[in-house]
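Undergrad: So that we are looking at the same thing, I have put the structure below in structure tokens.
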Number of protein chains: 2
Amino acid sequence: MAKAQSKRELILDIAEASVLSKGFGGTSIDEIISAADITKSGFFYHFRDKNQLARALLQRYLDTENAILDDIFDRARDLHGDPLHSFLIGLKLFAELMEDLPNGHPGCLVATVAYSERMFDQEVRDLNRQAILTWRERFLGVLKEIAAIYPPRDDVDLMTVADMITGTVEGGIVLSRAVGETAVLPQQIVLLRSYIRLLFSPAL
Amino acid sequence: MAKAQSKRELILDIAEASVLSKGFGGTSIDEIISAADITKSGFFYHFRDKNQLARALLQRYLDTENAILDDIFDRARDLHGDPLHSFLIGLKLFAELMEDLPNGHPGCLVATVAYSERMFDQEVRDLNRQAILTWRERFLGVLKEIAAIYPPRDDVDLMTVADMITGTVEGGIVLSRAVGETAVLPQQIVLLRSYIRLLFSPAL
DNA sequence: TGACCACTGTACCGGCGGTCAAGTCGCGGG
DNA sequence: CCCGCGACTTGACCGCCGGTACAGTGGTCA
């Protein structure tokens, strides 16, 4: 967790950690404010209500996650010109990043929102939906480039393959947390990489 | 949702639906008891506290899910003697079952628990962990049978492949819910089937 | 007949989400 | 130099929620 430069950021840091370990409904404002050493009125100065907190939390989370993905796959692009090989390198870098997290991945707020949808207003749910669609488009673009050069060995829908990238991460996080083994998530990403390679490689 | 034969089962039915749409922390006992038309004392007659409700909820969920998996893969066994083909049929049956759910998959309680772990006692967390390990063993057994006949085309760890089955379902549910498209989960299972086929088929 | 099961009724506690009005303190600009 | 503004604090209050305690009640079965 990064050092908070302002009380507002500190609230978001504390709230994010609490939401990921206890769920949104299980996170109390009283607990956040005592950890952040502010008063209840101080909290409501920054956020109109708990829903606005959720919105800010999710927005900040998506911005940082997308920045991380940009960084990884841009670096992979620099390392190899071929779209397939570059994507495989990107997945490897991603798996290594997940492996290097000392306590495992802290959890995805998109999954938290998806599993408590009736707790949030339409704005938060739309933001969540848009996040998945953005990731779908991101990976679909790469996969189309790959498929133009390497025709897939099986009759698959590329959009579904794009969703599989996101789905593997979401599923891997659930498994890792539930079983208490931080290695599960990186293993799943490596296995996904194996599928992508198998699907597009002309011969092995 | 099946008709409840007792107030206790009715409580569990209502609580399960609420937990899956609002999270455990977002589900109030007051709301459950008014929907079940009983008093607060009536609730606490059946469950000592909210944690005992969680335990009963999870146990019942796991029992029914395992019965469904038994049924599907037993039927698939009857349809084809070869372990690979039988497993591929099982995955197809599973995808079709998910596709036929009118409002999509209602959600997995294992994921809910994993994303609110600090809300539950050790007993519930152990139950959750055991559920993942049971599924791991279930699928690992089948995969070992398959690999004995069809050597995998890529150097993969079969336990990781077994986890991928569970992970695809968990990830697919998160995606389906977040994006509001019920088709995503069955599509992901069909894609997983494509990988299993590609991984073990001697030639295409 | 009476014990037990599945509840109900009533009263209470402290925590939590949220609201409201007024006050404080530092700091940057006119 | 002081004025205003942003970032809070103080403190009082509301109704819902999780949970406790315990006495009571109607049906059923040995």
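Undergrad: Just to verify a result, which residue in region A:80-95, among those that are under 19 Å from the mean Cα position of the chain (by Cα) and in contact (Cβ under 8 Å) with a residue 60 or more places away in the chain, is nearest to A:Arg138 (Cα to Cα)?
TA: Checking each candidate, the answer is A:Phe87.
Undergrad: Applying the selection to region A:154-204, what residues are touching a residue at least 12 places away in the same chain (Cβ under 8 Å), assigned to a loop (DSSP other than H, G, I, E, B) and aliphatic (A, V, I, L, M)?
TA: Answer for region A:154-204, where residues must be touching a residue at least 12 places away in the same chain (Cβ under 8 Å), assigned to a loop (DSSP other than H, G, I, E, B) and aliphatic (A, V, I, L, M): A:Val156, A:Ala183.
Undergrad: Sticking with this one: Taking region A:2-60 as the region of interest, how many residues are of a type in the set (S, T, N, Q) and more than 12 Å from DNA strand C (Cβ to nearest atom)?
TA: So the answer is 4.
Undergrad: Next question, about the same structure. Determine whether region B:67-79 contains at least one residue that is of a type in the set (Lys, Arg) and either outside the structural domain of B:Arg193 (by TED's automatic domain parsing) or touching a residue at least 60 places away in the same chain (Cβ under 8 Å) (or both).
TA: Within region B:67-79, none of the residues are of a type in the set (Lys, Arg) and either outside the structural domain of B:Arg193 (by TED's automatic domain parsing) or touching a residue at least 60 places away in the same chain (Cβ under 8 Å) (or both).
Undergrad: Given the condition modelled with pLDDT under 95 and surrounded by fewer than 19 Cβ atoms within 10 Å (Cβ to Cβ), answer yes or no: does some residue in region B:69-76 qualify?
TA: The answer is no; no qualifying residue exists.
Undergrad: While we're on this one: Conditions: (1) more than 16 Å from DNA strand D (Cβ to nearest atom); (2) open to solvent by 50 Å² or more (accessible area, probe 1.4 Å); (3) among the hydrophobic types (A, V, I, L, M, F, W, C); (4) assigned to a helix (DSSP H, G or I). A:Leu84 meets all but one. Number of the miss?
TA: Of the numbered conditions (1) more than 16 Å from DNA strand D (Cβ to nearest atom); (2) open to solvent by 50 Å² or more (accessible area, probe 1.4 Å); (3) among the hydrophobic types (A, V, I, L, M, F, W, C); (4) assigned to a helix (DSSP H, G or I), the odd one out for A:Leu84 is (2).
Residues are listed down the side, and each one gets a yes or a no for (1) crowded, with 16+ Cβ neighbours inside 10 Å; (2) under 14 Å from the mean Cα position of the chain (by Cα):
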site	(1), (2)
A:Pro151	no, no
A:Ile165	yes, yes
A:Thr182	yes, no
A:Leu191	yes, no
A:Ile196	yes, no
A:Pro202	no, no
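Undergrad: From the set of residues in region B:92-111 that are within 14 Å of chain A (Cβ to nearest Cβ) and either in a helix (DSSP H, G or I) or among the aromatic types (Phe, Trp, Tyr) (or both), which is nearest to B:Arg8 (Cα to Cα)? Before the answer, list the steps.
TA: Within region B:92-111, the first condition is being within 14 Å of chain A (Cβ to nearest Cβ), and the residues that meet it are B:95, B:98-99, B:103-111.
Adding the requirement that they be either in a helix (DSSP H, G or I) or among the aromatic types (Phe, Trp, Tyr) (or both) leaves B:95, B:98-99, B:109-111.
Numbers: B:Ala95: 32, B:Met98: 28, B:Glu99: 30, B:Leu109: 18, B:Val110: 21, B:Ala111: 24 Å.
Of everything passing the filter in region B:92-111, B:Leu109 is nearest to B:Arg8 (Cα to Cα).
The values are calculated or read from the model by the stated rules, or taken from the named source; none is laboratory data. Worth saying up front: this structure is predicted, and the values here are computed from it rather than measured. Glycine gets a Cβ as well: all are built from the backbone with ideal geometry, and neighbour counts include every protein chain shown. Just the protein is used for accessible areas: all its heavy atoms, side chains included, with ligands, DNA and RNA removed. Shrake-Rupley method; radii C 1.70, N 1.55, O 1.52, S 1.80 Å.
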